[in-house]
Amino acid sequence: MVRAIGAQEIAPTRHAWAIEATALKVKAGRHLAVDGLDLALGTGVHGLLGPNGAGKSTLMRALATVVRPNGGTLRLLGTDAARTRELRRTRGRLGYLPQQFGYYPRFTVRDYVEYMAWLREMPASAVPAAAQRAIERVRLADRADKRLKSLSGGMLRRAGIAQAIVNEPDLLLLDEPTVGLDPEQRVEFRELIRELGTEACVLVSTHLVEDVVAACSDVVLMDLGKLVHQGVPADLVRLGENGGVGDSPAERGYSYLLAQHRGGAR
């Protein structure tokens, strides 16, 4: 069995963890989707991998403070997520793109990003410039005054990314951010999150192993609500030499780890 890395082995030397979960349990309806998860992440770009039903989206919702944990402890940016009074300030330092997000179709891209900045309680005087910068960073400047209902799926996804980064968050949570993006846009997205990850904790949930290998400083693999593996992307490539299913060494390493975990769980 491949051993998961312990938090104490990779603890930051100067900064507190952006995410620190201990024995975390989170339900999705009546189902325990996150089951006793231990996870610690600091500054950098972290890829969250796992099959459907692994608990990734439920974990992201808990980290975004959309749902409350059902057990264990969760600290976000140094604050206990159970302290309701402090959540408002913490949320102002978060950026979140859910897998499916709501919007007003008649809003323009600019309206939408500015509105999300307002919801995060950014100073009114700072909102227009912040929104413009976020829109430019996702390459939507030429569509800034187009209504959301007129955008393609890929452009709409980029608008979602823009609202997630408008407040220059210390913790950025992106759930399946590259859905609908073409290959060129995916490359641009990788460059953007690498840039953001120099000063923030960026967690990207995805099914695309190659995106994680190309853009992330480390990889977190979940299955059945539990942490299976945490390490560098090169680990997946190396483990792919042991077998597994996939078109690339990294994909084979991913499937190898899942098979090892499921075999040991029987």
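The values are calculated or read from the model by the stated rules, or taken from the named source; none is laboratory data. Every value quoted in this text rests on a predicted model; they were computed, and no experiment measured them. When we count neighbours, we look across all protein chains shown, and the Cβ atoms used for this are built from the backbone with ideal geometry, even at glycine.
Looking at region 91-132, which of the residues that are among the charged types (D, E, K, R), under 22 Å from LEU76 (Cα atoms) and outside any helix (DSSP H, G or I) is farthest from the chain's Cα centre (by Cα)?
Residues of region 91-132 that are among the charged types (D, E, K, R), as a first pass: 91, 93, 106, 110-111, 114, 120-121.
Those still in the list that are under 22 Å from LEU76 (Cα atoms) too: 91, 93, 120-121.
Pick out the ones that are also outside any helix (DSSP H, G or I) and you get 93, 120-121.
On the way: ARG93: 14, ARG120: 18, GLU121: 22 Å.
For region 91-132, the residue satisfying everything is GLU121.
Kindly indicate whether any position in region 154-165 is in contact (Cβ under 8 Å) with a residue 40 or more places away in the chain and part of a strand (DSSP E or B).
So far as region 154-165 goes, no, none of its residues is in contact (Cβ under 8 Å) with a residue 40 or more places away in the chain and part of a strand (DSSP E or B).
Within region 212-252, how many residues are within 21 Å of LEU39 (Cα to Cα) and either free of Cβ contacts under 8 Å to residues at least 24 places away in the same chain or in a helix (DSSP H, G or I) (or both)? Spell out the reasoning first.
First pass over region 212-252, keeping only residues within 21 Å of LEU39 (Cα to Cα): 212-213, 215-236.
After this cut, where a residue has to be either free of Cβ contacts under 8 Å to residues at least 24 places away in the same chain or in a helix (DSSP H, G or I) (or both) as well, the list is 212-213, 215, 232-236.
Matching residues across region 212-252 total 8.
Residues are listed down the side, and each one gets a yes or a no for (1) at pLDDT 95 or above; (2) surrounded by fewer than 21 Cβ atoms within 10 Å (Cβ to Cβ):
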site: ALA129; (1), (2): yes, yes
site: GLN132; (1), (2): yes, yes
site: ALA144; (1), (2): yes, yes
site: LYS149; (1), (2): yes, yes
site: GLY154; (1), (2): no, yes
site: ILE165; (1), (2): yes, no
site: GLU168; (1), (2): yes, yes
site: PRO177; (1), (2): no, no
site: GLU188; (1), (2): no, yes
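Of the numbered conditions (1) assigned to a helix (DSSP H, G or I); (2) farther than 20 Å from LEU94 by Cα, LEU181 satisfies every one except a single condition; which is it?
Going through the list (1) assigned to a helix (DSSP H, G or I); (2) farther than 20 Å from LEU94 by Cα, LEU181 breaks only (1).
Is it the case, given these coordinates, that ARG139 is of a type in the set (Lys, Arg) and either farther than 25 Å from ARG194 by Cβ or assigned to a helix (DSSP H, G or I) (or both)? Give the steps one after another, and end with the answer.
Details: of a type in the set (Lys, Arg): yes; either farther than 25 Å from ARG194 by Cβ or assigned to a helix (DSSP H, G or I) (or both): no.
No, not satisfied.
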